[in-house]
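Each remark here refers to the structure printed beneath this line.
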Amino acid sequence: MSPLTRVSVAFAVLGILFLVAGTGGFSAMTADRGVDVSVVPDDEAYVGIETVGDELSEEDRIHLLTITNQFASGMDELDVTVADGNDVIDADTVELESTAIGVGEGTAATAECTAVERTGVVELDIEGGAGGASFEITRTVEVDCGPTTGTETVTLENVSTVDGDEGDLTVEFKGTGNVFVSGDPGNYTVTVTYKKGQGEPTSTEKEIEIPENQKVSLRDGGGQIIKVTIGDRTVSNPVWGSNG
């Protein structure tokens, strides 16, 4: 190989690495000629991954992670399997909402817990392909199965609105991962207290508008919901404690 040829090849390889590393996010990627690239932050990646691990669905399935397609073309292959972990989840029950994801769309990976209130760390292998490129990513998820799901409803009377009026509200807990509020229309100040994994509880405050004859979800991915304060009234999730 001539010196000129060697220089050309070197620049070509550097160009590929620079292009992919600027938007990467892969532990390994194969494109056309099998180029492997290093890991970069997921928020800059072709494959966006949000680990969850502590939100239960109505079917008592644990939400492990959310995968978002950030390629310029549709993701036509996707698979998630358990690479390593304890017995916190049943590896044979890992499922994806969809294995084909459009540009900018996402899908959730869920599984069944092996027991209520069991915690542990699970290592997941994520494989897929889009636009002629394939990828392999490994992620570690802290799983907290928490109490089982179920619907618990609490009625709050004479709750203060932002405008100084009062309204009657119904707070509906769906397991530990979601809360719906409905009732008299108006704007209300809401503080939601979460617990994520083994960390300390955190709270977020926001203003919500409750339309007539509609439910408003308070879920925003912060973790398991311990309690909710609306106006001057606080109600604890029944699976965590008594109402206040």
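The values are calculated or read from the model by the stated rules, or taken from the named source; none is laboratory data. This is a predicted model, so every value here is computed, not measured. All Cβ positions, even for glycine, are placed from backbone atoms using ideal geometry, and neighbour counts span all protein chains on display. Ligands, DNA and RNA are stripped out before the accessible areas are found, and what is left, the full protein with its side chains, is counted by its heavy atoms. Shrake-Rupley method; radii C 1.70, N 1.55, O 1.52, S 1.80 Å.
Which ones in the range 49-108 are within 14 Å of the chain's Cα centre (by Cα) and assigned to a loop (DSSP other than H, G, I, E, B)? Answer for the range 49-108, where residues must be within 14 Å of the chain's Cα centre (by Cα) and assigned to a loop (DSSP other than H, G, I, E, B): Ser57, Glu97, Glu105. Among strands (runs of 3 or more DSSP E) entirely within the range 115-234, having at least 3 residues that are at pLDDT 85 or above and under 19 Å from Leu65 (Cα atoms) singles out 119-130, 133-144.
Does Val239 count as modelled with pLDDT of 85 or more and under 25 Å from the mean Cα position of the chain (by Cα)? Write out each step before concluding.
Working: modelled with pLDDT of 85 or more: no; under 25 Å from the mean Cα position of the chain (by Cα): yes.
In short, no.
Val39 - would you say it is at pLDDT 90 or above, over 16 Å from the mean Cα position of the chain (by Cα), closer than 15 Å to Thr140 by Cα and of a type in the set (A, V, I, L, M)? Before the answer, list the steps.
Working: at pLDDT 90 or above: no; over 16 Å from the mean Cα position of the chain (by Cα): yes; closer than 15 Å to Thr140 by Cα: yes; of a type in the set (A, V, I, L, M): yes.
Judged against the criteria, Val39 is not a match.
Checking each residue in the range 93-126 for being open to solvent by less than 50 Å² (accessible area, probe 1.4 Å) and among the acidic types (Asp, Glu) picks out only Asp125.
Yes or no: the range 127-135 includes at least one residue that is free of Cβ contacts under 8 Å to residues at least 40 places away in the same chain and open to solvent by less than 70 Å² (accessible area, probe 1.4 Å). The answer is no; no qualifying residue exists.
Within the range 45-65, the residues that satisfy the criterion of being under 14 Å from Cys145 (Cα atoms), surrounded by fewer than 23 Cβ atoms within 10 Å (Cβ to Cβ) and modelled with pLDDT under 85 are Ser57, Glu58, Glu59, Asp60, Arg61. Note on the range 66-92: residues that are modelled with pLDDT under 90 and either open to solvent by less than 20 Å² (accessible area, probe 1.4 Å) or in contact with a Pro (Cβ under 8 Å, 6 or more places away or on another chain) (or both) total 2.
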